[in-house]
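Worksheet: the structure to be examined is printed underneath.
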Amino acid sequence: MFNDLPELGEFPAAWKRKHLLGLEDLTREELLILLDKAQVFRDAFDQGRRKFSILPGHTSVTLFFENSTRTRTSFSLAAQRLGASCVAFAASTSSLSKGESIVDTAKNLEAMGCESMVVRHSTPGIPKLLSENVHCSIINAGDGAHEHPTQGLLDILTMRQRLGSLEGKTVGVVGDIAHSRVARSNVWGLKKLGANVIVCGPSTLVSPRWEEMGVEYSHSLDKILTRVDVLNMLRIQFERQYTSPFPSIREYSLLFGMDGDRLRRAKPDLLVIAPGPINRGVELTPEVADGPQSAILDQVSNGLAVRMAVLWLTDGARKLTNNE
Ligand code: ASP
């Protein structure tokens, strides 16, 4: 059936999830299945094999209630490259503004015939709520500060490609930890793969309670600089804050921004990643963002591969669960 990408192999018997709501619930085995299958798509991409007929007849709807550049485009490209079709739901011009609930909206979209919905919403838990009310696959593309599982997966895939096994490696996640769904998905995924995680940022954005999740915390980037193999530089999520968490952006960037001077003081092969959008001169200087130790654009290519793997795996599990 998948003879235009035979490297994918048989559908993995251990994969039974028709929804992808977060990395917290996944077992280590499920995480590895996702990463291994994404790697197959990435290898094919690098060989110039970009279009397959793996999901013909599948229709995916993207329902984004927050802005997006990379996630939405790459989910829609991922669907197309699998031979599926993808429709974008425009929240601002929909009947939600006339008072329709999000569950009713999703049920109506499903009634037109769709196999998956890729959902981004500012309220944590909306993808889970929808998964309890529709039959199609629900894929979380970011819910508030809760989780962004495909971002976590693409970050981890990028680290694994550059560093090999992540067992015992130390990953620093720097920035607005309090309001970041990327931080949470990174922590859940990295811990399952045996990595040490240090969350780092100003005390207003990094709580000591992260220790309860088996994670170290630090309020000094300079102190962790020589210990980390990877730095994941997060954006300050001003859209989720009502007061300023630090006196000025300039002060933040002096203390927590990654620049050439800090790069030279870090381990020589330090890998720098960032989920994007990046704010040049705030969390990263152009010297770092565009330099040889940055994998930022490679992450974007991996994002497409991850989303192809997620659509394929959740589709297979949905067919089994729904007896389709
Ligand atoms: N693009 C990521 C997200 O949607 C990170 C960010 O916005 O800073 O969470």
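The values are calculated or read from the model by the stated rules, or taken from the named source; none is laboratory data. Everything numeric in this text was worked out from a predicted model, so none of it was measured. Positions of Cβ are generated from backbone atoms using ideal geometry, with glycine treated the same way; all protein chains shown enter the neighbour counts. Note: areas computed on protein heavy atoms with side chains; ligands, DNA, RNA excluded. Shrake-Rupley method; radii C 1.70, N 1.55, O 1.52, S 1.80 Å.
Things to note:
- Exclusive hit being in contact with a helix residue (DSSP H, G or I) (Cβ under 8 Å, 6 or more places away or on another chain) and without any contact (Cβ under 8 Å) to a residue 12 or more places away in the chain, set SER85, SER94: SER94
Okay, residues lined up against (1) modelled with pLDDT of 95 or more; (2) of a type in the set (Val, Ile, Thr):
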residue	(1), (2)
THR226	yes, yes
PHE238	no, no
PRO245	no, no
LEU263	yes, no
ALA266	yes, no
VAL282	no, yes
ALA309	yes, no
TRP312	yes, no
LEU320	no, no
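- In this entry, VAL230 is excluded by the filter for residues that are touching a residue at least 24 places away in the same chain (Cβ under 8 Å), in contact with a strand residue (DSSP E or B) (Cβ under 8 Å, 6 or more places away or on another chain), under 30 Å from PHE11 (Cβ atoms) and of a type outside the set (S, T, N, Q).
- Set GLY194, GLY189: member being over 30 Å from ASN323 (Cβ atoms) and either under 10 Å from the mean Cα position of the chain (by Cα) or away from the ligand (no atom under 16 Å from the Cβ) (or both): GLY194
For (1) open to solvent by less than 10 Å² (accessible area, probe 1.4 Å); (2) under 14 Å from VAL61 (Cβ atoms); (3) modelled with pLDDT under 95, each residue gets a yes or a no:
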residue: VAL103; (1), (2), (3): no, no, no
residue: LYS107; (1), (2), (3): no, yes, no
residue: MET117; (1), (2), (3): yes, yes, no
residue: LEU129; (1), (2), (3): no, no, no
residue: GLU132; (1), (2), (3): no, no, no
residue: HIS135; (1), (2), (3): no, yes, no
residue: ALA141; (1), (2), (3): yes, yes, no
residue: GLY144; (1), (2), (3): yes, no, no
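- In the range 90-101, the residues that are more than 23 Å from the chain's Cα centre (by Cα) and open to solvent by 30 Å² or more (accessible area, probe 1.4 Å): SER92, THR93, SER95, LEU96, SER97, LYS98, GLY99, GLU100, SER101
- For the range 5-31, the tally of residues that are over 22 Å from GLY125 (Cβ atoms) and open to solvent by less than 50 Å² (accessible area, probe 1.4 Å) stands at 6.
- Strands (runs of 3 or more DSSP E) enclosed by the range 31-143 - at least 3 residues per element that are within 16 Å of the ligand (Cβ to nearest atom): 59-64, 116-121, 137-143
- Residue selected from the range 153-185 under the condition within 10 Å of the ligand (Cβ to nearest atom) and touching a helix residue (DSSP H, G or I) at 6+ places or on another chain (Cβ under 7 Å), by the criterion most open to solvent (accessible area, probe 1.4 Å): HIS179
- When residues in the range 285-324 are screened for being over 23 Å from ALA44 (Cα atoms) and in contact with an Asp or Glu (Cβ under 8 Å, 6 or more places away or on another chain), 5 of them pass.
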